[in-house]
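What follows is one structure encoded as structure tokens, with my remarks underneath.
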Amino acid sequence: MVFKWCDDYIEPFLDQYRQHECLWNISSDNYKNRERREAYESMRSALNLPGLSVDDIKTKIKTVRTNYKSELNKIINSEKSGAGLADVYVPRLFWFKKADEYLRGVSVAKNSISNLVSNNI
């Protein structure tokens, strides 16, 4: 049975997620460490929600990151479009600001340089 998340659980979940940097900070040495599995169990225990499993936490992390990144891209694209301050996209997720406090630094894509050879004739 899949755990049913409600809005009341999201902020405590984000607080716990933030405390476990090894689960969200790709720059952290611990991010690639398999010992971070203990962090999932720690989150499950701290949240103390009936029926919540480690798999539910992993799924929620993927969902939060996907939705966060989607909203962040909308903000960035609206800023790039030359929109005025009044026209910049405002996220609809009530938890966006809380997640943005720590996820923006690891979610913003860095500018890349193409390594493809151009055939300008």
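The values are calculated or read from the model by the stated rules, or taken from the named source; none is laboratory data. Note that the structure is predicted; figures quoted are calculated from it, not measured. Please note: Cβ atoms are built from the backbone with ideal geometry, for glycine as well, and neighbour counts cover all protein chains shown. In case anyone asks, the SASA skips ligands and DNA or RNA and just uses the protein heavy atoms, side chains included. Shrake-Rupley method; radii C 1.70, N 1.55, O 1.52, S 1.80 Å.
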Residue within the range 50-69 that is open to solvent by 60 Å² or more (accessible area, probe 1.4 Å), in contact with a helix residue (DSSP H, G or I) (Cβ under 7 Å, 6 or more places away or on another chain), part of a helix (DSSP H, G or I) and farther than 15 Å from Arg104 by Cα present: yes
Those residues of the range 32-45 which are open to solvent by 60 Å² or more (accessible area, probe 1.4 Å) and not polar (S, T, N, Q), in sequence order: Lys32, Arg34, Glu35, Arg36, Arg37, Glu38, Glu41, Arg44
Matching residues in the range 16-30 - criterion: being open to solvent by less than 60 Å² (accessible area, probe 1.4 Å) and assigned to a helix (DSSP H, G or I): Gln16, Tyr17, Cys22, Leu23
Long-range neighbours under 6 Å by Cβ, at least six apart or interchain, first residue among the hydroxyl-bearing types (Ser, Thr, Tyr) within the range 85-106, second part of a helix (DSSP H, G or I): Tyr89/Lys74; Tyr89/Ile75; Tyr89/Ser78; Tyr102/Arg18
